[in-house]
Structures are given as structure tokens and as C-alpha cells.
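What follows is one structure encoded as C-alpha cells, with my remarks underneath.
The values are calculated or read from the model by the stated rules, or taken from the named source; none is laboratory data. Nothing here was measured: the structure is a model prediction, and the numbers come from that model. Don't worry about glycine lacking a Cβ; one is built from the backbone with ideal geometry, like all the others, and counts go over all protein chains shown. The accessibility values were calculated without ligands, DNA or RNA, using every heavy atom of the protein model including side chains. Shrake-Rupley method; radii C 1.70, N 1.55, O 1.52, S 1.80 Å.
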Amino acid sequence: MRPLLLLPLAFLPGCERHEAVPAVPPVVVEVPVAGPVIGPDDLLDSVVRISTTQQAWDPAEPWQKNNPGQRRALGAIVGDQLVLTTSEMAADATYIEFESSDGKRLAPAKVIAVDYEANLALLGPQSEEDAKFFEGTEPLEIAEPPKPGDALEIVQLETNGTPLVTSGNIQSIDVVSNFLPGQYFLTYEVKASMQSSANSFSLPVMRGDKLAGILTSYNSKDQISDVTATDIVSRFVKEAADGEYSGFPSLGIAITRTEDLNFRLWLKLPEDDGGLYISSVRPGSAAEKAGLKKGDVIVSIDGHTIDRLGYFDDPHYGRLYWSHLVRGAKASGDKAVFGILRDGQPQEVEAVLDRLEESDQLVPAYTFGQAPSYLVKGGLIFQELTRPLLQSFGKEWQSRAPLKLLDVYENPEKYESRARRVVFLANVIPTPATVGYEPLRNLIVNRVNGKEIKDMATLIEAFDTPSEDGMHRIEFEDEKFSVYLDETISTAVDEQLIQRGLNRLSRAEN
């Protein structure tokens with residue numbers, strides 16, 4: 001067998017399941033597992049290689065970027081000059097390029113629409129001249145949704161452009177997170193024996209001659225591929241093709257299962273009813289706008305009965321987790337009717353579903369393509385709290401990151417009324433202005449010069465007005481001491497830092 005160019009041996013790690021989603025034994029279809037075979041040549045008119053150069057910002061030194069890296073994938077042509085791939089190919093991309101299957105044609109590409117939560121991106125040519133790349137290509141139609149046990153074909157290319165097809169059967173269907181933790185979408189788990197000599201970050205998955213999904217990860221040990229479901233791909237392509245994409249909606253609640261008998265008695269739940277307890281409602285969310293409250297129990301959504309574990313019976317797929325009825329079956333702006341029990345009494349609540357943007361979150365879960373906000377003042381380094389910054393504390397960041405910062409991330413409702421972003425003292429550069437302050441780290445800033453700090457912009461503004469004695473006073477959350485910074489000395493230090501190569505002292509762009 002000749003070496004393969006775009007095959008997924010080293011994809012993402014195994015998919016993470018929502019901790020609130022109990023494991024449900026899948027319906028396993030036992031079939032012979034065969035390797036890839038040469039596919040039809042007309043596939044070459046409907047797929048395109050994608051190469052990206054990506055460079056993320058350094059969370060520890062937010063004024064500079066990390067070293068660049070590269071990724072390759074095989075995308076599916078799904079419309080007039082439109083290519084579908086995963087959002088991983090667009091994340092922090094500084095350059096994207098299309099390459100024809102025979103390697104003879106290249107064209108720079110741009111992002112038309114991206115959904116990091118659903119892990120999907122739509123790419124197109126950068127200019128009208130670049131659009132000539134698509135002459136002679138044939139867009140793929142989207143298939144009808146398959147069922148458990150149906151066969152799908154995973155498309156790959158050899159180095160010389162020969163199409164390879166690996167057939168596999170859908171062993172189970174679940175709501176899975178495969179890129180960003182906490183974001184769950186309908187996914188097919190396909191049993192297929194793949195081969196690889198290089199990395200790839202997405203591959204088209206076919207059902208006959210139509211596109212059924214996008215492969216996002218492959219477990220070589222278990223020979224299981226995770227494939228973003230047809231429903232999700234179809235809705236994304238439909239809504240993103242014109243470049244005006246609002247994203248999959250969210251409800252904005254946290255839930256607790258109701259299988260505990262004592263808990264059910266306290267909630268006044270009838271013995272035969274299921275239901276999910278709403279433990280919190282996010283401010284500004286679709287749930288809050290609709291009138292859903294903490295303490296309500298959701299017993300149905302759009303007429304689908306929700307059981308004690310949060311599952312419902314989908315007429316096509318079988319048993320699915322309830323979140324698919326919001327993130328997958330609906331678009332932003334659609335309505336959903338929730339049957340609830342409030343104080344034991346049945347009610348119906350209609351919600352208009354929308355999506356809370358990451359820019360509106362106290363602690364953004366992702367910051368792709370966004371330069372981090374920061375301030376360096378006299379050697380004190382201030383940053384805004386984000387999940388990527390917490391993750392910089394290492395693989396076990398949820399136990400290694402500072403407890404106060406973790407509390408903000410895990411309980412944002414305690415802080416949302418006080419700030420748009422949480423600003424904290426991240427580090428201290430030893431300078432004449434910071435003598436004695438060198439050990440200070442990870443302290444949340446409350447006030448500077450008497451002004452409340454709502455985000456990085458208000459912090460930068462607060463340092464513009466020192467007190468009459470020329471000192472800046474910095475006050476911290478839950479700390480009984482303050483830090484004092486001399487304006488004259490700190491300004492002189494700032495000038496030296498610029499001379500030594502720091503390209504800028506501040507940024508407040510979010």
C-alpha cells in the first residue's frame with residue numbers, strides 16, 4: 001500500500017462526554033471491519049485538500065504569539081465555491097490554502113463562517129481570481145440522516161490523489177463534545193479500520209454519493225470514528241452559506257437529574273414522571289427571558305417526554321439526550337415549548353431560543369483569533385480571566401489553577417453583577433517600581449485609584465489619574481492589603497521595557 005497523505009491516526013483524544021449525561025449502552029452492530037479500498041474517481045471533483053498555518057497568542061506573555069504550527073485536512077465542497085471542514089482548521093489561522101486532489105492547483109482561502117462550539121467551518125476563496133480554483137468541481141448534496149446500523153464511507157486521499165474509501169457502520173448515536181469541553185452535539189460513532197501515515201483534522205463522510213457528516217476524531221485502538229451528524233452539518237451549511245451565521249442556540253440553564261427518590265419527594269414529583277431539575281439560570285439567557293426559574297422541573301420539550309436521566313425518544317435515532325432538542329433540532333430564533341412542574345404544579349413555558357456570544361461571557365471559554373487584553377504597568381502584569389488562560393496552568397488545571405480564579409470560572413453568577421470581565425494581577429516583573437511585590441500572583445483587582453474595575457479598558461483608564469502624591473493605589477478582592485505604585489518610577493520602567501523589546505504595554509480589544 002502506498003503512503004497516505006490525509007489519514008487520521010493522530011486525531012484528537014477520545015471525545016469527552018458531559019458529566020450530566022449518563023452512559024447509555026449503545027446498540028452495537030457486529031460487522032466485519034475492512035480496510036480502505038480505492039474509491040470512484042468522481043469523488044475527486046467534490047473534495048479539496050486544506051492546509052492552514054495557525055499561531056495562537058501566548059497566555060503567559062500576552063504581548064506576543066506562540067510559534068506557528070500547521071494542520072492539514074480533506075474538505076468537502078458543499079456549495080458554489082464553499083468548502084466544509086472543522087473549526088479546528090480555522091482556529092487562530094493566519095493563512096489557509098486550498099489544494100486540488102492532484103496537487104496541481106493552489107488557492108488562498110478565507111473563513112466564510114465558523115462555529116467553534118459545533119466544530120464546523122465553511123471556507124471560500126479569497127478573491128474572484130482565486131475562485132477559478134473551483135472550475136470543474138461538483139458540490140456534494142447533503143444526505144438524508146442515517147439510522148443506527150447504517151453504513152457510511154469515510155473518504156481519504158493517497159499522496160498521488162487516488163481516492164480511498166473506508167466503509168463502516170454506525171454503532172451508536174450520542175450527544176458528544178469533540179472539540180470544546182462543555183459543547184455537545186449529535187455525533188455518530190462509526191466502526192471502521194483506518195490507516196495513516198500523517199495527521200488530518202477532518203475528513204468527509206459519505207452515504208452513497210452524498211455527504212453524511214464530517215469525521216472529527218479517530219480512536220485507532222478501538223477503531224471508532226466520531227462523525228458530526230448529518231442534522232448538524234445540514235443546518236450549519238444551510239445557515240452559514242450566505243456568510244450571515246448566528247450559530248446553534250443555547251438555553252442557558254444548569255440541570256440536575258431526578259433519579260434520587262428523596263430528591264423526587266422533595267420536588268413533589270409523581271412516581272411515574274421523569275424530569276430535570278433546573279439548578280441555575282444564566283442571566284440574559286433564553287431561559288431567563290422565557291421565565292424559567294431555578295427549582296423548575298422540565299418534564300417535556302416540544303411534546304417529547306424527558307425521563308429522570310434527561311433522555312427522550314427521538315422518532316428517527318432512538319434514545320437521545322435532551323440537549324439535542326435545543327442545540328441541533330433548532331436554529332436561533334426558533335421557539336421551544338417546555339412542560340415544567342413548578343412547586344408541583346404543571347405549566348408550559350415558551351422560549352425563543354438564542355445564542356449567548358462568548359464576548360458577552362464573564363469568563364470566555366475560547367478566544368480564537370482574538371488578541372488577549374492586558375496591561376503592563378511598572379512591571380505589574382494585569383490580564384483578563386479566560387478559560388484558555390486557566391488551561392495554561394497545565395493538563396490538570398482544574399485542580400492546579402488558583403482557587404479564587406477557579407471560583408470565578410465555576411460560579412460566574414457571583415461576579416457578573418460587578419464586572420464585565422475579571423481583571424487580575426497575573427505576574428510581577430522585578431523592577432525598581434515593584435520592589436517587595438515580586439511574590440504577588442493571581443489577585444483579582446477590585447479598584448485602582450478608587451475606581452471600580454469592570455474590564456481591562458477601565459483598568460487602563462484608572463491608571464491615567466494617580467493621586468495627588470503621584471501614587472497609584474491597587475485594591476484586591478478579599479485582600480486586606482493594597483499595592484502602591486509610584487507614577488514617576490513606573491513610567492520610567494515602562495519606557496525601559498519598551499526599549500528592551502516589549503512591543504506594547506497594553507491592549508483592551510475585547
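Miscellaneous remarks
- When the strands (runs of 3 or more DSSP E) confined to segment 233-318 are screened for residues that are in contact (Cβ under 8 Å) with a residue 12 or more places away in the chain and over 23 Å from the mean Cα position of the chain (by Cα), those reaching at least 3 such residues are found at 276-281, 297-301.
- Test: residue in segment 113-127 that is in a loop (DSSP other than H, G, I, E, B) and surrounded by fewer than 21 Cβ atoms within 10 Å (Cβ to Cβ): yes
- Hey, S417 open to solvent by 60 Å² or more (accessible area, probe 1.4 Å), without any contact (Cβ under 8 Å) to a residue 24 or more places away in the chain and closer than 17 Å to E477 by Cα or not: yes
- Filter result (part of a loop (DSSP other than H, G, I, E, B) and small (G, A, S)) within segment 332-348: S332, G333, G344
- Applying the set (1) surrounded by fewer than 21 Cβ atoms within 10 Å (Cβ to Cβ); (2) at pLDDT 95 or above; (3) more than 14 Å from D209 (Cα to Cα) to P139 leaves exactly one unmet item: (3).
- Taking segment 359-476 and the helices (runs of 4 or more DSSP H) fully enclosed by it, the elements with 3 or more residues that are modelled with pLDDT of 95 or more and over 27 Å from E288 (Cβ atoms) are at 456-462.
- You will find that of G436, G470, the residue that is over 21 Å from A508 (Cα atoms), in contact with a helix residue (DSSP H, G or I) (Cβ under 7 Å, 6 or more places away or on another chain) and free of Cβ contacts under 8 Å to residues at least 24 places away in the same chain is G470 and no other.
- When the residues of segment 332-357 are filtered to those that are within 16 Å of I253 (Cα to Cα) and at pLDDT below 90, the one that is most open to solvent (accessible area, probe 1.4 Å) is E357.
Conditions (1) open to solvent by less than 10 Å² (accessible area, probe 1.4 Å); (2) among the β-branched types (V, I, T), marked per residue:
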residue: T166; (1), (2): yes, yes
residue: N169; (1), (2): no, no
residue: L180; (1), (2): no, no
residue: L186; (1), (2): yes, no
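- Unmet criterion (only one of (1) in contact with a Gly (Cβ under 8 Å, 6 or more places away or on another chain); (2) among the small types (G, A, S); (3) not in a loop (DSSP other than H, G, I, E, B)) for A351: (1)
- Scanning segment 45-78 for residues that are open to solvent by less than 40 Å² (accessible area, probe 1.4 Å) and part of a loop (DSSP other than H, G, I, E, B) yields a total of 5.
- The set of residues in segment 218-232 being open to solvent by 30 Å² or more (accessible area, probe 1.4 Å), in contact with a Lys or Arg (Cβ under 9 Å, 6 or more places away or on another chain) and in contact (Cβ under 8 Å) with a residue 60 or more places away in the chain consists of Q223 alone.
- Candidates V155, V83, V165, V111 - the one that is under 19 Å from Y245 (Cα atoms), in contact with a Gly (Cβ under 9 Å, 6 or more places away or on another chain), touching a residue at least 24 places away in the same chain (Cβ under 8 Å) and of a type in the set (A, V, I, L, M, F, W, C): V83
- Restricting segment 86-102 to residues that are closer than 22 Å to D41 by Cβ and in a strand (DSSP E or B) leaves a set whose member that is most open to solvent (accessible area, probe 1.4 Å) is E99.
- Residue check, Q171 assigned to a loop (DSSP other than H, G, I, E, B) and touching a strand residue (DSSP E or B) at 6+ places or on another chain (Cβ under 9 Å): no
- Scanning segment 445-488 for residues that are in contact with a Pro (Cβ under 7 Å, 6 or more places away or on another chain) and either within 21 Å of V408 (Cα to Cα) or buried (at least 18 other Cβ atoms within 10 Å of the Cβ) (or both) yields H472, E487.
- Residues that are aliphatic (A, V, I, L, M) and buried (at least 20 other Cβ atoms within 10 Å of the Cβ), drawn from segment 238-254: A240, L251, I253
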